[in-house]
1. In the list ALA46, ALA106, ALA79, which residue meets the criterion of being of a type in the set (Gly, Ala, Ser), surrounded by fewer than 19 Cβ atoms within 10 Å (Cβ to Cβ), at pLDDT 85 or above and more than 18 Å from LEU12 (Cα to Cα)?
2. Could you tell me which of the residues GLY95, GLY61 is more than 10 Å from LEU110 (Cα to Cα), of a type outside the set (Val, Ile, Thr) and under 11 Å from the mean Cα position of the chain (by Cα)?
3. I need a count of the residues in segment 66-123 that are part of a loop (DSSP other than H, G, I, E, B) and of a type in the set (Lys, Arg).
4. State which residue is surrounded by the fewest Cβ atoms within 10 Å (Cβ to Cβ) when the search covers only segment 53-76 and only residues that are free of Cβ contacts under 8 Å to residues at least 12 places away in the same chain and among the β-branched types (Val, Ile, Thr).
5. Does segment 45-63 hold any residues that are assigned to a loop (DSSP other than H, G, I, E, B) and small (Gly, Ala, Ser), and which are they?
6. Working only within segment 90-102, note down all residues that are surrounded by 16 or more Cβ atoms within 10 Å (Cβ to Cβ) and either among the acidic types (Asp, Glu) or over 17 Å from LEU22 (Cβ atoms) (or both).
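The values are calculated or read from the model by the stated rules, or taken from the named source; none is laboratory data. Predicted model, so just to flag it, every value in this text is computed and none were measured. Quick reminder, even Gly has a Cβ in these numbers, built from the backbone with ideal geometry, and neighbours come from all protein chains shown.
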Amino acid sequence: MRRALISIRDRLDRAGVLLSGLCAVHCLAGLLLVSLLGFGGELLLAPAIHEVGLALAIVVGVFTLGLGVLRHGDPAPLAVGAAGIVLMACALVVGHGPREALLTIAGVALLAVAHIRNLRRAA
């Protein structure tokens with residue numbers, strides 16, 4: 001049972017890194033497409049995408065990083081991940097534009113680093 005839980009946590013940490021990367025790509029692509037080409041705004045910048053992304057980040061982050069602390073005892077990945085989630089939440093408040101993109105990218109970068117650090121500490 002414990003081995004299965006660790007395997008699930010490791011997979012979710014890897015998924016967290018992948019989702020963070022996809023979020024950063026979405027953010028940059030959305031900003032470029034809307035700014036330079038003037039289309040895709042209603043889909044790429046839809047608040048629902050950002051809200052669902054933040055909800056997924058919170059669920060995956062709390063589960064995997066929290067279990068990581070229980071397993072290896074290092075709270076640093078959880079703290080770094082929490083800082084990333086706070087930046088992502090702040091991005092929802094500032095509205096669309098460069099500030100939102102910077103906050104989101106900084107947040108997902110911190111969250112990805114936290115998941116990677118969690119994987120390395122658990123190994």
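1. Exactly one of ALA46, ALA106, ALA79 is of a type in the set (Gly, Ala, Ser), surrounded by fewer than 19 Cβ atoms within 10 Å (Cβ to Cβ), at pLDDT 85 or above and more than 18 Å from LEU12 (Cα to Cα), namely ALA106.
2. GLY61
3. Matching residues across segment 66-123 total 0.
4. VAL59
5. ALA46
6. Selection gives HIS96, GLU100.
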